[in-house]
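Written out below as structure tokens is the structure these notes cover.
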Amino acid sequence: MRTIYTDAEIFRDGRFERGRLAVEEGRVTADDEPRAGDRVVPLGGRRLVPGFVDVHVHLREPGFPQKETIATGTAAAARGGYTAVCSMPNLRPAPDTPETLGLQRDIIRRDAVVRVYPYGCITMGQRGCGELVDFAALAPYAVGFSDDGRGVQSEELMAEAMRRAAAVGRPIVAHCEVDELLRGGYIHDGAYCRAHGHRGICSESEWRQVERDIRLVGQTGCRYHVCHVSTKESVELVRRAKAAGLPVSCETAPHYLLLTDEDLREEGRFKMNPPLRGRADREALLAGIADGTIEAIATDHAPHTAEEKSRGLVGSAMGIVGLECAFPLLYTHLVLPGVVSLERLVTLMAVNPRRLFGLEGGVAAGDAADFTVLDLDARWEVDPAAFLSKGRATPFEGWRVQGRAVLTAVNGREVYRDETMKNQ
């Protein structure tokens, strides 16, 4: 049976146009004229977009199910409008062989409600040093290679990793952090840090490794993606690399676009890595989105237990959650004030991530029918207690927002439907 979604504003080829979306056997079909026997779903003028793709999430399974599981994490993703996520490798066991990655893939097949593309490690044990993984053995099962949570410290090791990743046609997806520059820091080395007696993480700890890696890209030709860019220097380095024609891309996250270290409180829900930076960094990130330097927005969804996030800025674990509120926050605070267009935001959250990582799904004829329906008039308050994720730590708790996903479909199958859509 076909399903026809009617009376929708559909995002295709960079713009919204009134139309219908027809889905048959999991794919978008060119013939969208309703006929007898079709299931017809009227959308009442809501926006229909390619499903969001988050290239940076932590699903915590196997190894840490008390923080999150693939079932809860992908349910949260579906609620947030995501039809695909790329899962980071800080797991137990680390996905550093086909066998250990296979443990995660088995759970994905059993429990995931959206597409999950796992990363393989760069180094054995995801240590950021020591022995490299067998890239050729992992490549058929991994969307790319990352040691997220740790930067690869040795230039020689990273250069060899890039050569091997390039040989198997997969990107290096780098957490950039120079360990010797951290000096025990845990928030940005800025005015708040100094005023409140904290230890700071300098911006150089990020951008110095971005600089090194871009130089290595020039030598190896490896596709290279920088995780969670947070500093103005990193933005400029990526901008120059792209201008030079290097295969370099990057992402940032909603919290770096909407907050700075001026917003910090003495609570664990404000602690993440990289930390919230200064106002000039935020302005540089917004400029990078505007000029195309930053091609993707990812949440870095990183759930922890309530106890792990209850120890203030000093003692809490690094990481916040974001899948269920990313789009509403960005729509409310960037689109509605005119900082970016809705079309640009959809491109950053759905189109570019899919293109950068060669992922399937969309709303064009022949695509796997992965799409999200947005109600841009919905108004609500971010309430972590209502999250489907096990994680509850977000600096946006209590924020009033507008817009939300009300229907999410993967391969044509509806995996989330908001209560406002129950009768449609």
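Within region 135-167, count every residue that is charged (D, E, K, R), touching a residue at least 24 places away in the same chain (Cβ under 8 Å) and out of contact with any Pro (no Cβ under 8 Å at 6 or more places or on another chain).
Number satisfying all stated conditions: 5.
In summary, G63 fulfils each of the numbered conditions (1) touching a residue at least 40 places away in the same chain (Cβ under 8 Å); (2) more than 20 Å from Y331 (Cα to Cα); (3) within 24 Å of the chain's Cα centre (by Cα); (4) open to solvent by less than 40 Å² (accessible area, probe 1.4 Å) with the single exception of condition (1).
Taking the conditions exactly as written (touching a Phe, Trp or Tyr at 6+ places or on another chain (Cβ under 7 Å), on the phi < 0 side of the Ramachandran plot and not β-branched (V, I, T)), does L388 satisfy them or not?
Taking the combined requirement at face value, the residue does not satisfy it.
For region 268-285, taking the residues that are over 17 Å from the mean Cα position of the chain (by Cα) and either on the phi > 0 side of the Ramachandran plot or free of Cβ contacts under 8 Å to residues at least 60 places away in the same chain (or both), the one that is least open to solvent (accessible area, probe 1.4 Å) is identified as A284.
Of the candidates A306, A290, A302, the single residue that is farther than 13 Å from T394 by Cα and either modelled with pLDDT of 95 or more or among the hydrophobic types (A, V, I, L, M, F, W, C) (or both) is A290. For the residues F387, F371, the requirement of being over 22 Å from V28 (Cα atoms), in contact (Cβ under 8 Å) with a residue 40 or more places away in the chain and of a type in the set (F, W, Y) singles out F387. Here H188 fulfils each of the conditions (1) within 22 Å of the chain's Cα centre (by Cα); (2) open to solvent by less than 10 Å² (accessible area, probe 1.4 Å) apart from (2). Those helices (runs of 4 or more DSSP H) of region 294-400 in which at least 1 residues are farther than 30 Å from H196 by Cα, considering only elements entirely within it, cover 326-330, 342-346, 352-357. Pairs linking a residue in region 197-215 that is closer than 26 Å to G312 by Cβ to a residue that is in a loop (DSSP other than H, G, I, E, B) and β-branched (V, I, T), with Cβ atoms under 6 Å and 6 or more positions apart or on different chains, are S203/T231; S205/V178; E206/T231. Comparison of G169, G125 shows that the only residue that is on the phi > 0 side of the Ramachandran plot and either aliphatic (A, V, I, L, M) or outside any helix (DSSP H, G or I) (or both) is G169. Among the candidates E236, E180, the residue that is farther than 24 Å from F145 by Cβ and open to solvent by 20 Å² or more (accessible area, probe 1.4 Å) is uniquely E236. Quick one: A290 ticks every box in (1) assigned to a helix (DSSP H, G or I); (2) free of Cβ contacts under 8 Å to residues at least 60 places away in the same chain; (3) surrounded by 16 or more Cβ atoms within 10 Å (Cβ to Cβ) bar one, so which box is it? Status for A290: all satisfied but (3).
The values are calculated or read from the model by the stated rules, or taken from the named source; none is laboratory data. This structure is a prediction, so every number in the text was calculated from the model and none was measured. Every residue, glycine as well, gets a Cβ built from its backbone with ideal geometry; the counts of neighbours run over all protein chains shown. Quick note on the areas: whole protein, heavy atoms, side chains included, nothing else; ligands and nucleic acids left out. Shrake-Rupley method; radii C 1.70, N 1.55, O 1.52, S 1.80 Å.
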